[in-house]
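Here's the structure we're looking at; comments come further down.
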Amino acid sequence: MTPRSFLLTPELAEHVRASSEPLDDVAADLVAETAALADRGEAPATFQIAVEQGVLMQLLTRALGVRRAVEIGTFTGFSALCIARGMPEDGSLVCLDRSEEWTAVARRYWERAGVAGRIELRLGEALEQLRALPADPVLDLAFVDADKTGYPAYVEELHPRMRPDGLVLLDNTLRGGRVLDPRTDDDRAVVALNAALARDPRWETVLLPLADGLTVLRKR
């Protein structure tokens with residue numbers, strides 16, 4: 001199953017995609033292979049971002065002239081593919097993930113798309129890997145789609161590394177609607193973070209009802 005926003009009916013989701021930039025064969029094949037993994041129970045279906053979200057991320061990357069970016073949580077690589085494609089040839093995307101198995105799928109498609117040279121994959125604990133990056137304000141874009149209880153720490157570590165006006169994108173910030181009725185530690189962590197970010201003077205913040213919720217932070 002290809003992910004869609006829980007806020008949309010299947011018919012509306014199809015209309016959204018039909019009215020947006022279509023995926024090329026490489027991206028479409030990656031989405032299809034990831035969906036097949038989920039259908040067979042070999043990967044969580046909720047780990048894959050919605051197609052329209054990837055299209056938006058590629059558009060933003062290109063429009064903002066992003067040259068340096070980091071991704072926390074790569075899975076099978078669709079979001080990284082979109083970001084890398086929006087970059088110039090000398091752009092640099094550092095991807096942090098723990099799974100060698102799922103990122104092996106990502107590597108195949110990055111190579112096929114001709115963007116592997118722009119992507120550095122680092123396997124291990126994301127917070128440790130993030131703290132190991134230079135604490136210089138050089139990042140134009142960051143995408144976070146990993147363990148939700150870790151989001152506050154990721155945001156704190158990203159702040160000094162983002163340039164002024166740099167964007168941080170946080171995925172799954174509506175938690176399938178459970179922000180109104182939190183049931184798990186992940187739900188409660190996201191609810192608390194959403195409230196904290198709305199009050200944080202360091203960031204300009206908007207939570208978009210896209211896919212499972214996409215929070216956009218601009219470093220002031």
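The values are calculated or read from the model by the stated rules, or taken from the named source; none is laboratory data. Since we're looking at a predicted model, the values are computed, not measured. For neighbour counting, all protein chains shown are included, and Cβ atoms are generated from backbone atoms with ideal geometry for every residue, glycine included. Heads up: the accessible areas ignore ligands, DNA and RNA and are worked out on the full protein's heavy atoms, side chains in. Shrake-Rupley method; radii C 1.70, N 1.55, O 1.52, S 1.80 Å.
Of everything in segment 3-38 that's assigned to a loop (DSSP other than H, G, I, E, B) and of a type in the set (Ser, Thr, Tyr), which residue is nearest to Cys82 (Cα to Cα)?
Going residue by residue through segment 3-38, those that are assigned to a loop (DSSP other than H, G, I, E, B) are 3-9, 19-24.
Restricting the remaining residues to those that are of a type in the set (Ser, Thr, Tyr) gives 5, 9, 19-20.
Working: Ser5: 18, Thr9: 25, Ser19: 18, Ser20: 14 Å.
Among those residues, the one meeting the criterion is Ser20.
Restricting segment 46-58 to residues that are part of a loop (DSSP other than H, G, I, E, B) and of a type in the set (A, V, I, L, M) leaves a set whose member that is surrounded by the fewest Cβ atoms within 10 Å (Cβ to Cβ) is Ala50. Here Ala43 clears all of (1) of a type outside the set (D, E, K, R); (2) without any contact (Cβ under 8 Å) to a residue 40 or more places away in the chain; (3) in a loop (DSSP other than H, G, I, E, B) except the condition numbered (2).
The rows are residues; the columns are (1) assigned to a loop (DSSP other than H, G, I, E, B); (2) surrounded by fewer than 21 Cβ atoms within 10 Å (Cβ to Cβ); (3) of a type in the set (Val, Ile, Thr).
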| position | (1), (2), (3) |
| --- | --- |
| Gly166 | no, no, no |
| Gly177 | no, yes, no |
| Pro182 | yes, yes, no |
| Val206 | no, yes, yes |
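In segment 188-209, the residues that are at negative phi reach residues that are open to solvent by 60 Å² or more (accessible area, probe 1.4 Å) and polar (S, T, N, Q) with C-beta atoms within less than 8 angstrom, at least six apart or across chains, in these pairs: Ala189/Thr149. Considered as a group, the residues in segment 59-85 that are outside any loop (DSSP other than H, G, I, E, B) and surrounded by fewer than 23 Cβ atoms within 10 Å (Cβ to Cβ) include one that is farthest from the chain's Cα centre (by Cα), and that residue is Ala63.
With of a type in the set (Asp, Glu) and farther than 16 Å from Leu56 by Cβ as the only criterion, which of Asp200, Asp171, Asp212 stands out?
Numbers: Asp171 fails: farther than 16 Å from Leu56 by Cβ; Asp212 fails: farther than 16 Å from Leu56 by Cβ.
On inspection, the qualifying residue turns out to be Asp200.
The one condition from (1) assigned to a helix (DSSP H, G or I); (2) among the aliphatic types (A, V, I, L, M); (3) open to solvent by 30 Å² or more (accessible area, probe 1.4 Å) that Val190 does not meet is (3).
State yes or no: is Trp110 in contact (Cβ under 8 Å) with a residue 12 or more places away in the chain, in contact with a strand residue (DSSP E or B) (Cβ under 8 Å, 6 or more places away or on another chain) and not in a loop (DSSP other than H, G, I, E, B)? Outline the logic, then answer.
On the way: in contact (Cβ under 8 Å) with a residue 12 or more places away in the chain: yes; in contact with a strand residue (DSSP E or B) (Cβ under 8 Å, 6 or more places away or on another chain): yes; not in a loop (DSSP other than H, G, I, E, B): yes.
In short, yes.
One residue alone among Asp140, Asp90 is open to solvent by 80 Å² or more (accessible area, probe 1.4 Å) and either on the phi < 0 side of the Ramachandran plot or not in a helix (DSSP H, G or I) (or both), and that residue is Asp90. Pairing residues of segment 151-164 that are aliphatic (A, V, I, L, M) and part of a strand (DSSP E or B) with residues that are at pLDDT 95 or above and buried (at least 21 other Cβ atoms within 10 Å of the Cβ), at Cβ distances under 6 Å and at least 6 apart in sequence or on separate chains, gives Met162/Leu139.
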